[in-house]
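One structure is given below, encoded as structure tokens.
The values are calculated or read from the model by the stated rules, or taken from the named source; none is laboratory data. Predicted, not measured: the structure shown is a model, and the values here were computed from it. Reconstructed Cβ throughout: ideal geometry from the backbone, glycine too, with neighbour counts over all protein chains shown.
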Amino acid sequence: MTRHAFVYVVGGGLAGSEAAFQLAERGHRVVLHEMRGVRGTEAHKTDRLAELVCSNTFKSTEVTNAHGLLKAEMRLLGSVVLQGADAARVAAGSALAVDRDAFSAYVHERVASHPNIAVKREEVVTVPAAPAIIATGPLTSDALAERVRARLGVQSLAFYDAIAPIVAVESIDHTVAFRAARWGKETMPFPSGAEEQAQWGAGEGEGAYLNCPMDKAQYEAFIDALAVADQFTAHEFDKVPYFEGCMPVEEMARRGRESLRFGPMKPIGLRDPRTGKRPWAVVQLRREDRAGRMWNLVGFQTRLRVPEQQRIVRMIPGLEGAEFLRFGSIHRNSYVNAPAALTPHLSLRDDAAVLFAGQLTGVEGYTESTATGLLAAINLSRIIAGQEPVVPPPTTMLGALYRYLREADPAHFQPMNANFGLLEELPEVPRDKGKKRAMYAERALGVMTAWIAEHALVP
């Protein structure tokens with residue numbers, strides 16, 4: 001393919017921002033199209049690039065966790081989004097959680113100020129001409145989504161994504177809620193200086209999470225209240241295929257009285273300092289900002305109406321006086337039937353130089369979306385240079401995700417998070433789960449390092 005004057009990236013979320021930056025670093029002149037600024041979405045609050053609209057966490061940093069392993073692979077490839085996450089990190093145990101404003105400000109500045117990137121504020125309503133990357137995300141505009149469907153010849157799928165409430169720290173009863181990370185796992189060093197400690201809003205030795213303990217009676221009353229709580233409804237909600245990784249809390253409760261106690265409210269690895277015993281159930285809160293003023297109810301995404309959110313959340317011990325800084329909500333997510341419609345490197349089947357990236361491809365999660373944007377940029381750069389696109393082996397987490405998008409059953413295709421079940425199996429599988437995951441991680445990072453060197457992928 002001949003050298004083009006411009007490369008086009010549509011969408012300024014995580015995947016699009018990563019893709020634009022990686023292309024620019026490889027010497028391409030990039031036009032990054034972002035409609036926010038001229039047209040908003042149901043979920044975004046600003047017009048900044050890389051705004052986080054759901055959780056503020058990129059999940060685990062541990063390589064023995066699937067999300068942590070994927071991040072380690074992305075760091076080998078030089079992800080700018082992870083650089084932004086590191087710069088905006090807040091205490092969250094072994095998770096990579098960020099101050100979302102600081103994070104988006106960092107990525108926005110790195111991308112928008114790059115001399116090879118021009119940010120164009122407009123809604124793109126047609127499939128762009130090659131070379132291009134479409135990374136419009138789960139909130140792709142109806143006009144563009146329709147053009148994509150027509151071009152692919154298959155129907156896109158849709159599901160609904162739920163967002164958890166955020167409460168003010170001063171409204172939490174700290175005589176009830178206690179600080180702790182599950183099993184005491186803290187992988188982020190606590191700041192040493194008094195000023196820095198004050199900014200983090202926690203004392204030395206304290207855990208990264210706030211934990212609201214419940215006894216059995218409190219838990220049973222909570223489940224009963226959830227079962228009859230009033231929620232937003234619409235005709236299509238009756239048949240909505242919720243993604244399992246972002247299930248509304250009220251939907252989880254309907255699956256069984258113990259579902260939450262074995263899910264986001266599991267008490268394992270925690271002890272109530274007032275009793276010295278493990279609670280019957282626990283609601284964890286994770287900080288949203290570096291100052292520790294805003295706290296997110298972990299796993300409590302919901303479509304309850306606002307008065308019901310207030311009533312239900314205030315049933316949680318320690319949150320009786322909760323001040324809501326953001327109520328939970330629900331919004332539409334769209335994604336392409338990738339195994340039915342895209343190539344192995346996630347391009348149009350009739351044009352290898354028009355690629356898709358982000359949640360629109362059928363991956364789910366911040367890290368996963370960003371990773372597809374990174375690889376899309378690498379491959380588009382290779383295609384422009386007359387080289388073949390490449391995909392990592394399925395012994396890596398990134399390669400395993402791409403294999404899923406390539407080989408999943410098109411008739412039952414659903415979005416997918418990174419998980420160890422996607423990886424190529426080990427030749428000899430140890431019984432110990434921790435050892436097994438460590439072996440997966442060691443193999444994946446070794447393979448990824450060799451793969452990067454083989455194809456000279458890092459500029």
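The C-beta contact set for segment 23-43 (first residue on the phi > 0 side of the Ramachandran plot and small (Gly, Ala, Ser), second residue surrounded by 15 or more Cβ atoms within 10 Å (Cβ to Cβ) and assigned to a loop (DSSP other than H, G, I, E, B), distance under 6 angstrom, 6+ apart or interchain) comprises Gly37/Asp47.
Set side by side, the residues Thr126, Thr140 differ, and just one is modelled with pLDDT under 95 and of a type in the set (Val, Ile, Thr), which is Thr140. Being modelled with pLDDT of 70 or more, part of a loop (DSSP other than H, G, I, E, B) and in contact with a strand residue (DSSP E or B) (Cβ under 9 Å, 6 or more places away or on another chain), is that true of even one residue in segment 187-196? So far as segment 187-196 goes, no, none of its residues is modelled with pLDDT of 70 or more, part of a loop (DSSP other than H, G, I, E, B) and in contact with a strand residue (DSSP E or B) (Cβ under 9 Å, 6 or more places away or on another chain). Taking (1) in contact with a strand residue (DSSP E or B) (Cβ under 6 Å, 6 or more places away or on another chain); (2) at pLDDT 90 or above in turn, Ile163 satisfies each apart from (2). Checked against (1) outside any helix (DSSP H, G or I); (2) closer than 18 Å to Met397 by Cβ; (3) free of Cβ contacts under 8 Å to residues at least 12 places away in the same chain, Ala418 meets all criteria but (3).
In segment 399-424, the residue that is surrounded by the fewest Cβ atoms within 10 Å (Cβ to Cβ) out of those that are under 19 Å from Gly68 (Cβ atoms) and among the small types (Gly, Ala, Ser) is Gly421.
Counting only residues that are acidic (Asp, Glu) and not in a helix (DSSP H, G or I), segment 399-415 holds 1 of them. Inside segment 418-437, residues that are under 18 Å from Thr361 (Cβ atoms) and in contact with a Lys or Arg (Cβ under 9 Å, 6 or more places away or on another chain) make up a count of 2.
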